[in-house]
Amino acid sequence: MWVIHFEEGRSYTIRFDGTRWSRQRGAAPSDVTVQTSPPEWVKFLSADLEGRRRWLRERRASGTRQRLDELMTSFGAPR
């Protein structure tokens, strides 16, 4: 489970249950937490794997290496 904190106090929790993705408004206990803006999140989603790794490091995303790697690869990074 990941929590994305956007500007102006907006947060979303993203989950994958093995079959379906879901999101809910608000923060919940999570494996990964990221602080960003909507335009910066789009940059993450459109980056290749190395770009995503760098992006997560620069934003000081919190979570274990395994969970950060899952986030990095879950949205089909461009090659």
Pick from region 1-22, criterion charged (D, E, K, R) and more than 18 Å from G76 (Cα to Cα), ranking: surrounded by the most Cβ atoms within 10 Å (Cβ to Cβ): R10
Residue selected from region 23-32 under the condition among the charged types (D, E, K, R) and open to solvent by 80 Å² or more (accessible area, probe 1.4 Å), by the criterion nearest to M72 (Cα to Cα): R23
Lone unmet requirement of (1) open to solvent by 80 Å² or more (accessible area, probe 1.4 Å); (2) closer than 19 Å to G76 by Cβ; (3) not hydrophobic (A, V, I, L, M, F, W, C) for Q35: (2)
Test: residue in region 27-34 that is in contact with a Gly (Cβ under 6 Å, 6 or more places away or on another chain) and without any contact (Cβ under 8 Å) to a residue 60 or more places away in the chain: yes
Of all residues in region 38-79 being polar (S, T, N, Q) and in a helix (DSSP H, G or I), the one that is least open to solvent (accessible area, probe 1.4 Å): S74
Restricting region 23-37 to residues that are touching a strand residue (DSSP E or B) at 6+ places or on another chain (Cβ under 9 Å) and outside any strand (DSSP E or B), the residue that is farthest from T13 (Cα to Cα): T36
Count of region 1-20 residues which are part of a strand (DSSP E or B) and either over 14 Å from E70 (Cα atoms) or polar (S, T, N, Q) (or both): 5
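The values are calculated or read from the model by the stated rules, or taken from the named source; none is laboratory data. Treat the numbers as computed from the prediction; the structure is a model and nothing was measured. Using ideal geometry, Cβ is built from the backbone for each residue, glycine included, and neighbour counts are taken over all protein chains shown. The protein model used for the area step is the full one, side chains on, heavy atoms only, and it has no ligands, DNA or RNA in it. Shrake-Rupley method; radii C 1.70, N 1.55, O 1.52, S 1.80 Å.
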